[in-house]
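First the structure, in the form of structure tokens, and then the observations on it.
The values are calculated or read from the model by the stated rules, or taken from the named source; none is laboratory data. Nothing here was measured: the structure is a model prediction, and the numbers come from that model. Heads up, the Cβs are rebuilt from the backbone with ideal geometry, glycines too, and the neighbour counts pull from every protein chain shown.
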Amino acid sequence: MKEERTKFLHLDLKGISPAVPRFREYLAYFASLGFQGIVLECDCRIPWKCWEGAGEILYTREEIALLAEYAESLNMEVIPLIQVQGHMEWVLKEEKYAFLREDGFFNDLCPSRPESAEKLFAWIDDVSELFPRAKRIHLGGDEAWHLGKCPLCREKIASDPLRRGKLGLFADHVSSLARYAKEKKGLQVLLWDDMFCRTDKELLNPLLDLFPSDTVFVHWNYSLKEEEAPLPAGLGNRTVWGASALRCGFANHFVHVLNPVGERIRNIRNWEKASCPVLHTTWGRPNNLWNPYGPWEALIPEFYAAGRGTKMWEQHPWHSFTSLLDEAMKHGEYKKLEHALALARELPFSDKWEEQSRNFFLLGIQYELLRLEAKSHLEVMRARSVLGKYGRMDPAGCEKEYAAGREKFREKISAWEKDLETFWKENCLSDFEEYRDLRKAEFFPDLLFGEKEKKES
Ligand SMILES: [Zn+2]
């Protein structure tokens, strides 16, 4: 009997991504953890033929093809993922492709423009050229938030004899692409299921019937409860896979370096009871127009738990440390964070991934401490400026001391930035400037040191 593939790892390259040699090492690491396949979302990172002029290229086409080949040599299936309606920000933000926007929004592509389908068929052609051995393709299809808003789409919806509303428009568009991928390219199609989960049951079945019968609907639930059934009942006899998140949006994600670990591992654990294949997502940014999350080094505990299983993770020597760190992060208390920092310094590591992960935890905790210190300096400055108006000022005395304290703080920030840069170089990571500048903004340099934003040359 053919082995059932059950654990796929989704890699979202629009976030911070490693250079090719490091990427290869990661693939070997993922295979060693027990992942049986990679769902590769290249997004803006490679020069797609049909989207000339768009993208932030990080890999050549040849490099991506070779990485896929290498993953396959490690016995992992590679499933390319592209988006066909929502989350096409990386294309639609370009003026060149503005005409494809749904009602002017950057998030959605308008399915009613004739050029849209043409472009997407060409994209599927391009995918199958680049991944010639692929057996499946993921066509995305989640979060089409502005579906049916433009005049063309409204007109189409109004003239639909079946009165299927917005979802009819969505299903017609996406299913035509799914049929193309299946019939012309022989690819089994995967789709996120969230747009369908919002539809009432009576409408749903005829919509699902538009898709090739072996289409896989991937049900993502990043906050699956322990007592909750993992899969929705509404999709009938369709093939459904599950999806966890090793990393996804969290409170004030743009401010923090470290994401909460415990809630992600609970999510993985609650998906372990599902009998279907599970796709573990590792989002690189909330979307192309938002901040990059941390590098993959931040996710070593999550990779470990998803690959080896959460039972194994519970035996891991870092298990209690990550709980303590989550607690410290949640409350943002200086003392607790200092304690976490001391513990992180002592963490044992059994391979280079854990070593780098520990280094990233150190940077992340130090950053949280610096953020708190920045806030405290800022509070003092505000209070002093009000008090100055009431004559409570001694420029030669305490004001000088406060200024000296801030100067010392500036030195600490510089040292931290240097360490961050060293880490980035050591791990061959992308997007350093963007990541650093976002962090720097949290130290209020313009307010604390009177710095105006400088353009990097
Ligand atoms: Zn439209």
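Criterion first (surrounded by fewer than 23 Cβ atoms within 10 Å (Cβ to Cβ) and touching a residue at least 60 places away in the same chain (Cβ under 8 Å)) does residue 126 satisfy it?
Judged against the criteria, residue 126 is a match.
With the requirement that a residue be within 12 Å of the ligand (Cβ to nearest atom) and either touching a helix residue (DSSP H, G or I) at 6+ places or on another chain (Cβ under 6 Å) or in a helix (DSSP H, G or I) (or both), what does segment 93-109 give you?
Answer for segment 93-109, where residues must be within 12 Å of the ligand (Cβ to nearest atom) and either touching a helix residue (DSSP H, G or I) at 6+ places or on another chain (Cβ under 6 Å) or in a helix (DSSP H, G or I) (or both): 99, 100, 101, 109.
Every residue, every condition in (1) of a type in the set (D, E, K, R); (2) modelled with pLDDT of 95 or more; (3) within 29 Å of residue 289 (Cβ to Cβ), yes or no:
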| site | (1), (2), (3) |
| --- | --- |
| 340 | no, yes, no |
| 352 | yes, yes, no |
| 374 | no, yes, yes |
| 377 | no, yes, no |
| 380 | no, no, no |
| 396 | no, no, no |
| 427 | no, yes, yes |
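Taking the options 223, 213, 159, name whichever one is surrounded by fewer than 15 Cβ atoms within 10 Å (Cβ to Cβ) and in contact (Cβ under 8 Å) with a residue 40 or more places away in the chain.
223
Provide a single number: the residues in segment 55-66 that are within 20 Å of the chain's Cα centre (by Cα) and either surrounded by 17 or more Cβ atoms within 10 Å (Cβ to Cβ) or closer than 18 Å to residue 9 by Cα (or both).
Number satisfying all stated conditions: 4.
With the structure loaded, tell me whether residue 310 is closer than 25 Å to residue 216 by Cα, of a type in the set (Ser, Thr, Tyr) and touching a residue at least 12 places away in the same chain (Cβ under 8 Å) or whether it fails that test.
Spelling it out, it is not the case that residue 310 is closer than 25 Å to residue 216 by Cα, of a type in the set (Ser, Thr, Tyr) and touching a residue at least 12 places away in the same chain (Cβ under 8 Å).
Got a sec? Which of 229, 243, 274 is part of a strand (DSSP E or B) and either modelled with pLDDT of 90 or more or assigned by TED's automatic domain parsing to the domain that holds residue 310 (or both)?
After applying the criteria, what remains is 243.
May I ask you to list the residues in segment 67-103 that are free of Cβ contacts under 8 Å to residues at least 40 places away in the same chain, of a type outside the set (Asp, Glu) and surrounded by fewer than 22 Cβ atoms within 10 Å (Cβ to Cβ)?
Those that are free of Cβ contacts under 8 Å to residues at least 40 places away in the same chain, of a type outside the set (Asp, Glu) and surrounded by fewer than 22 Cβ atoms within 10 Å (Cβ to Cβ): 73, 98, 99, 100, 101.
Does residue 359 fit the bill of being at pLDDT 95 or above, under 27 Å from residue 216 (Cβ atoms) and not aromatic (Phe, Trp, Tyr)?
no
Would you confirm whether or not segment 121-132 contains a residue that is within 15 Å of the ligand (Cβ to nearest atom) and in the same structural domain as residue 42 (by TED's automatic domain parsing)?
Taking every residue of segment 121-132 in turn, none turns out to be within 15 Å of the ligand (Cβ to nearest atom) and in the same structural domain as residue 42 (by TED's automatic domain parsing).
Any chance segment 293-316 includes a residue that's over 20 Å from residue 252 (Cα atoms), of a type in the set (Ser, Thr, Tyr) and assigned by TED's automatic domain parsing to the domain that holds residue 107?
There is at least one residue in segment 293-316 that is over 20 Å from residue 252 (Cα atoms), of a type in the set (Ser, Thr, Tyr) and assigned by TED's automatic domain parsing to the domain that holds residue 107.
In this structure, does residue 218 turn out to be in a strand (DSSP E or B) and either surrounded by fewer than 18 Cβ atoms within 10 Å (Cβ to Cβ) or in the same structural domain as residue 281 (by TED's automatic domain parsing) (or both)?
The answer is yes for residue 218.
When you check residue 196 against the structure, is it away from the ligand (no atom under 16 Å from the Cβ), touching a helix residue (DSSP H, G or I) at 6+ places or on another chain (Cβ under 9 Å) and either part of a loop (DSSP other than H, G, I, E, B) or not polar (S, T, N, Q) (or both), yes or no?
So residue 196 passes the test.
Just one of 357, 414 is of a type in the set (Ser, Thr, Tyr), assigned to a helix (DSSP H, G or I) and either within 26 Å of the chain's Cα centre (by Cα) or within 27 Å of residue 318 (Cα to Cα) (or both); which is it?
357
Kindly list the number of the only condition in (1) buried (at least 20 other Cβ atoms within 10 Å of the Cβ); (2) in a helix (DSSP H, G or I) that fails for residue 176.
(1)
May I ask you to list the residues in segment 1-29 that are hydrophobic (A, V, I, L, M, F, W, C), touching a helix residue (DSSP H, G or I) at 6+ places or on another chain (Cβ under 7 Å) and in a helix (DSSP H, G or I)?
20, 23, 27
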